[in-house]
Amino acid sequence: MKLKYKYCLDTLNSILNFKPTHTDIAKIINVSPNALSNRLSNDGYLKPEEITKIEQFYNTSLNESKDCINIDYYPEDFGVFKKNQFIFSKNKKTIAIPKKCFENFSQSKHYSIIQAQGDTMNPYIKDRDKLIVEHGTSSQIIDNQIYIFCYNNEIFIKRLINNIDQIVIKSDNEIYPMRFIDKKEIPSFFIIGRIVGLLRNLRY
C-alpha cells in the first residue's frame, strides 16, 4: 500500500489536531527533510514500510477511507473546566466515523465524541447515546441548537436560546423546567461545543 505524502500529512493533522513537520516525519522514517519537501512538491508517495513506521509512532491508522474521519472518543469523563479553559480528559480512544454522520462536516473544525448520561434530553437524546461535538463554536448562540457547556463549574447538554438579557436553558424532557442565565453571569458560562451528530448504536 502506498499513500501520497500530502494525504498522510492531512490525515495526521485531522487525527492529531496539528500537522507534523517534514523534520518530524523525516526522523521517524529515516530520510532527510529535503527529500520529504520534494515529495510534497512533486505530489509523491510514502513507501509501505514508511507508512508502517509513522502509524506505529503516532499509534494510529492512515489507511482510513476518505469518507471517514478519525476523532477522539471519551467513553467516561469528558474533561474539566479550570481557570477559564476546558481541559480534555486523557481517557480517550481514537475511532473512525463516516463523515455523513456529521452536520456540515468541515476538515478545518475539531470534533470529538462523548457519551450522554441521563434522561434530560429524551426523547431526542437517550442515556448512553454517542454525541458528536463540534468545538471552537462561536460564542454567538444559534437558537434552539443543542450545546455542551459549563456553568458554575458544572457541565450540561441542553438546548440554548438567546434572549435580550438572558440565556434560556431548555431540556427536551418536559419534566425538567427551563432555567435562565442572566447575561451578567456570563463569566461563569462557557460553551464547550455544539452537538452536530448522534450515534445511537455505536459500540466501542
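Which strands (runs of 3 or more DSSP E) sit wholly inside segment 100-204 and have at least 3 residues that are buried (at least 17 other Cβ atoms within 10 Å of the Cβ), in the same structural domain as residue 89 (by TED's automatic domain parsing) and touching a Ser or Thr at 6+ places or on another chain (Cβ under 7 Å)?
189-199
Are any residues in segment 130-158 on the phi < 0 side of the Ramachandran plot, without any contact (Cβ under 8 Å) to a residue 60 or more places away in the chain and within 13 Å of the chain's Cα centre (by Cα), and if so, which ones?
Of the residues in segment 130-158, the ones on the phi < 0 side of the Ramachandran plot are 130-135, 137-143, 145-151, 154-158.
Going one step further and asking which of them are without any contact (Cβ under 8 Å) to a residue 60 or more places away in the chain, we end up with 135, 137-143, 145-147, 149, 151, 154, 156-158.
Scanning segment 130-158 gives 135, 137.
Would you mind stating whether residue 127 is acidic (Asp, Glu), farther than 17 Å from residue 103 by Cα and touching a residue at least 24 places away in the same chain (Cβ under 8 Å)? Before the answer, list the steps.
Details: acidic (Asp, Glu): yes; farther than 17 Å from residue 103 by Cα: yes; touching a residue at least 24 places away in the same chain (Cβ under 8 Å): no.
So residue 127 does not fit the description; no.
Restricting attention to segment 48-71, does a residue exist that is modelled with pLDDT of 85 or more, in contact with a strand residue (DSSP E or B) (Cβ under 9 Å, 6 or more places away or on another chain) and closer than 30 Å to residue 193 by Cα?
Among the residues of segment 48-71, at least one is modelled with pLDDT of 85 or more, in contact with a strand residue (DSSP E or B) (Cβ under 9 Å, 6 or more places away or on another chain) and closer than 30 Å to residue 193 by Cα, which makes the answer yes.
Which one is nearest to residue 109 (Cα to Cα) among residues in segment 13-41 that are modelled with pLDDT under 90 and not in a helix (DSSP H, G or I)?
17
Out of the residues in segment 87-99 that are assigned to a strand (DSSP E or B) and out of contact with any Pro (no Cβ under 8 Å at 6 or more places or on another chain), state the one that is nearest to residue 77 (Cα to Cα).
Only one residue tops the list, namely 88.
Taking into account only those residues within segment 95-136 that are touching a Phe, Trp or Tyr at 6+ places or on another chain (Cβ under 7 Å) and among the β-branched types (Val, Ile, Thr), which is farthest from residue 167 (Cα to Cα)?
Filtering segment 95-136 for residues that are touching a Phe, Trp or Tyr at 6+ places or on another chain (Cβ under 7 Å) and among the β-branched types (Val, Ile, Thr), the one farthest from residue 167 (Cα to Cα) comes out as 95.
Identify, by number, the condition in (1) out of contact with any Asp or Glu (no Cβ under 9 Å at 6 or more places or on another chain); (2) over 16 Å from residue 192 (Cα atoms); (3) in contact (Cβ under 8 Å) with a residue 12 or more places away in the chain that residue 177 doesn't meet.
In the conditions (1) out of contact with any Asp or Glu (no Cβ under 9 Å at 6 or more places or on another chain); (2) over 16 Å from residue 192 (Cα atoms); (3) in contact (Cβ under 8 Å) with a residue 12 or more places away in the chain, residue 177 misses (3) alone.
Just one of the numbered conditions (1) farther than 17 Å from residue 198 by Cβ; (2) at pLDDT below 85; (3) not basic (Lys, Arg) is not true of residue 101; which one?
It is condition (1) that residue 101 fails.
Scan segment 28-78 residue by residue and report those that are of a type in the set (Gly, Ala, Ser) and either touching a Lys or Arg at 6+ places or on another chain (Cβ under 7 Å) or within 15 Å of residue 6 (Cβ to Cβ) (or both).
35, 37, 41, 44
Out of 71, 51, 28, report the one residue that is among the β-branched types (Val, Ile, Thr) and surrounded by fewer than 17 Cβ atoms within 10 Å (Cβ to Cβ).
28
The values are calculated or read from the model by the stated rules, or taken from the named source; none is laboratory data. Remember, predicted model here, so these are calculated numbers, not experimental data. Counting neighbours? That spans all protein chains shown, and the Cβs are built from the backbone with ideal geometry, glycine included.
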